[in-house]
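The values are calculated or read from the model by the stated rules, or taken from the named source; none is laboratory data. The shown structure was predicted, so the numbers you read here are calculated from the model rather than taken from an experiment. Here the Cβ positions follow ideal geometry from the backbone for every residue, glycine too, while neighbour counts run over all protein chains shown.
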Amino acid sequence: MHMHAPLQLTLIALLLLSLPSNTHVVQAGEVEVGVEYGVDVSWPMHRPDIMNNTENILPNRQSIYDEYIEGCRQKYKRPAHVCDDSEAGRVDMSLSQPASMQNYTELGFQKIKTPQKVWDLLLDFWKKNDPTKAIHEQKPENWSRGNSYANHWSSPTYMVSVEDVSLRGAGDRLKDAGRGAAKDTLQEWTGEELQPCSRYGTYSN
């Protein structure tokens, strides 16, 4: 979400489903043909390397990934292999996590207009801290050392965290209020009684 544009907050609940196939359009003579493919073709998902180039319908994906992970290694040179350890954990989670999840809805997500009481809380917090006037004054998001989930070393993300008590209005009171305001909507969607888990914040990159 880029904060130079008018602030838009959408309440999106996501539940992990089985990984779908992807489609890549290739040209066969004069005809464009959609080719379906699974994991490890565009990015490592179930194994640490991308599918061999001789089998891969997408060109140069391994070199793109190698450049990506090398950027992490250059950012986090110590301790050694910390980026590779992060990648190993990511791949392992991609394999094990889906089997441990329960689907509560057929589709797995729903996009709706933010409930007014949630919107009012977050918008008030945003306006009080208003980082959009000077992007460089925003606080960089705190990524753990060697975290390879996003290329924050080359494209930093900035977090306006509801947990950052140095920001006006932040803290447990805002967290609990926002969570409580969203709870009814999420319970109606899932058809389940929910317990508080976690929430993130507003951010930009």
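Pairs please, first residue from the range 67-94 and in the same structural domain as Asn147 (by TED's automatic domain parsing), second anywhere and modelled with pLDDT under 95 and surrounded by 17 or more Cβ atoms within 10 Å (Cβ to Cβ), Cβ atoms under 6 Å, 6+ apart in sequence or on different chains.
Pairs that qualify, where the first residue is in the same structural domain as Asn147 (by TED's automatic domain parsing) and the partner is modelled with pLDDT under 95 and surrounded by 17 or more Cβ atoms within 10 Å (Cβ to Cβ): there are none.
For residues that are within 30 Å of Glu67 (Cα to Cα) and out of contact with any helix residue (DSSP H, G or I) (no Cβ under 8 Å at 6 or more places or on another chain), scanning just the range 153-172, find the one that is surrounded by the most Cβ atoms within 10 Å (Cβ to Cβ). Quick ask: steps written out before the conclusion?
Step one: of the range 153-172, the residues within 30 Å of Glu67 (Cα to Cα) are 153-160.
Add one more test, that the residue is out of contact with any helix residue (DSSP H, G or I) (no Cβ under 8 Å at 6 or more places or on another chain), and what stays is 155-157, 159.
Working: Ser155: 9, Pro156: 14, Thr157: 15, Met159: 20.
Taking the candidates together, the pick is Met159.
So which of Gly146, Gly178 is surrounded by 14 or more Cβ atoms within 10 Å (Cβ to Cβ) and either at pLDDT below 85 or not in a loop (DSSP other than H, G, I, E, B) (or both)?
Details: Gly146 fails: either at pLDDT below 85 or not in a loop (DSSP other than H, G, I, E, B) (or both).
So the residue among Gly146, Gly178 that is surrounded by 14 or more Cβ atoms within 10 Å (Cβ to Cβ) and either at pLDDT below 85 or not in a loop (DSSP other than H, G, I, E, B) (or both) is Gly178.
Take Val160 and decide whether it is β-branched (Val, Ile, Thr), within 13 Å of Leu122 (Cβ to Cβ) and either modelled with pLDDT of 85 or more or assigned by TED's automatic domain parsing to the domain that holds Pro140 (or both).
Details: β-branched (Val, Ile, Thr): yes; within 13 Å of Leu122 (Cβ to Cβ): yes; either modelled with pLDDT of 85 or more or assigned by TED's automatic domain parsing to the domain that holds Pro140 (or both): yes.
The answer is yes for Val160.
Can you tell me how many residues in the range 151-167 are among the small types (Gly, Ala, Ser) and either touching a Ser or Thr at 6+ places or on another chain (Cβ under 7 Å) or free of Cβ contacts under 8 Å to residues at least 40 places away in the same chain (or both)? Outline the logic, then answer.
Here is the first cut: in the range 151-167, the ones among the small types (Gly, Ala, Ser) are 154-155, 161, 166.
Keeping just the survivors that are either touching a Ser or Thr at 6+ places or on another chain (Cβ under 7 Å) or free of Cβ contacts under 8 Å to residues at least 40 places away in the same chain (or both) gives 166.
Number of matching residues: 1.
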